[in-house]
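I have placed the structure first, in the form of structure tokens, so that the comments after it can refer back to it.
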């Protein structure tokens with residue numbers, strides 16, 4: 001799956017790279033990168049569709065980045 005590297009996707013992936021466990025809720029990510037929850041949710045859905053992220057814990061909606069798609073050479077860059 002090709003990931004569209006929008007500004008928000010890149011910011012989110014950079015943010016995950018700085019986290020000790022690569023885990024967080026949508027609200028946590030949204031607050032830290034100053035993007036809407038909907039944008040973060042959509043980015044996470046894209047990453048999950050490509051098997052780069054997973055919902056780690058259903059009750060709290062915690063997500064985990066499994067791997068950074070940029071490290072797999074999956075690159076399609078767009079600014080938005």
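We did not get these values from a lab; they are worked out from the coordinates using the rules stated. Keep in mind the model is a prediction, meaning the values are calculated, not measured. Cβ sites come from the backbone with ideal geometry, for glycine too, and all protein chains shown count toward neighbours.
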Just order 8-17, 57-66 by mean Cβ neighbour count inside 10 Å, highest at the front, would you? 8-17, 57-66
Hey, what number do you get for the chain at 222 nm if only DSSP H runs of n ≥ 4 count, each worth -39500 (n - 2.57), divided across all residues, to the nearest 500? -12000 deg cm²/dmol
Between helix 37-49 and the chain, what is the angle of the helix's C-alpha long axis to the longest principal axis, kept within 0 to 90° and rounded to the nearest 10? 70 degrees
Once you have the alpha carbon radius of gyration of the chain, what is it after dividing by 2.2 N^0.38 Å, with N set to its residue count? 0.98
Arrange the peptides 46-54, 31-39 so that the one whose residues have, on average, the most other Cβ atoms within 10 Å appears first. 46-54, 31-39
Helix 7-17 sits off the longest principal axis of the Cα atoms of the chain, rounded to the nearest 10 on a 0 to 90 degree scale, by 60 degrees
Need one number: nm distance between label points at residue 4 and residue 25, each 7 Å from Cα along Cα→Cβ, rounded to one decimal. 2.8 nm
